[in-house]
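The values are calculated or read from the model by the stated rules, or taken from the named source; none is laboratory data. All values reported here derive from a predicted model rather than from experimental measurement. Using ideal geometry, Cβ is built from the backbone for each residue, glycine included, and neighbour counts are taken over all protein chains shown.
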C-alpha cells in the first residue's frame, strides 16, 4: 500500500511507504525499512500517526501521536536491541454505520 501523502519533512526524515510488512523511511539520503515484527508499535497505527514523525536530534526519531521514540541506530541495527517494549492496547475506534435509506 502506498500512502496518499508524504510525511512532514523535518530535518530530512520522510515516510516513503507503508506496506503490510512494515514502513520505509528516507533519512539523510538513504532508506531504512522498519518491519512490523521488529517495530510492532506501528502495525495498527493510522497513516496519519505514522506520517507524523519528528527528528528532535541527530540519531533520534519520534512519533508523538504514538508515543514512540527510537534511536536511528536501533532501526539500522535492530539485532543490537533485542528488548522490545510491549505494545500498549489501542483504544477501540468507533465505526459509524450508515442507516439504511427509507425508499419507496
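For this structure, a couple of remarks:
- Residues satisfying the stated conditions in region 32-55, i.e. assigned to a helix (DSSP H, G or I) and either within 21 Å of residue 81 (Cα to Cα) or in contact (Cβ under 8 Å) with a residue 40 or more places away in the chain (or both): 40, 41, 42, 47, 50, 51
- Count - residues of region 68-88 that are at pLDDT 90 or above and not in a helix (DSSP H, G or I): 5
- Flag if residue 2 is at negative phi, modelled with pLDDT under 95 and in contact with a strand residue (DSSP E or B) (Cβ under 8 Å, 6 or more places away or on another chain): yes
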